[in-house]
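Handing you a structure now.
What follows is calculated from the coordinates using simple rules that are stated; it is not laboratory data. Not measured: the values here are computed from a predicted model. Don't worry about glycine lacking a Cβ; one is built from the backbone with ideal geometry, like all the others, and counts go over all protein chains shown.
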Amino acid sequence: MAISSVGLLSEAKRWKGWHQFHGLGVLKVRDDWRGAHKKWHWVVAFRHPTLDLAIFDPHMAIPAFKQLLLDDTYLPFSMYEPKGEWFQVEQRIPLCTSMR
């Protein structure tokens, strides 16, 4: 409902791995790393031209990226393992530009 309330279309999909994730999505991830075993929450993720994958978590102040830049602080990408269904979200504008 939150996605459609801002006028975007979304499609529920079954998680099959990062290799099949493209574009923009809202993903269900486990909370084990926060000590909340058998709990989960939602994060926003998208493909990035330089960093491969970007994850924004409402519980964290900094993002996680699959490919890291040397001088910046990021969360470890490995702490996010989606499960179950996720939502592919319509992209009307580019989320980022290429980093050079």
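Can you give the Rg to Rh ratio of the stretch 2-89, both from alpha-carbon atoms, with Rh computed by the Kirkwood formula?
Rg divided by Rh gives 0.96.
Still on this model: If you put +1 on each Lys and Arg Cβ and -1 on each Asp and Glu Cβ, how big is the dipole of the stretch 2-89 around its Cα centre, in Debye rounded to 20?
Magnitude of the dipole: close to 420 debye.
Given labels modelled 7 Å from the Cα in the Cβ direction, how far is it in nm from H22 to T50?
Output for this residue pair reads 2.4 nm.
Using mean Cβ contacts within 10 Å as the protection proxy, how do 59-69, 7-17 order, highest first?
59-69, 7-17
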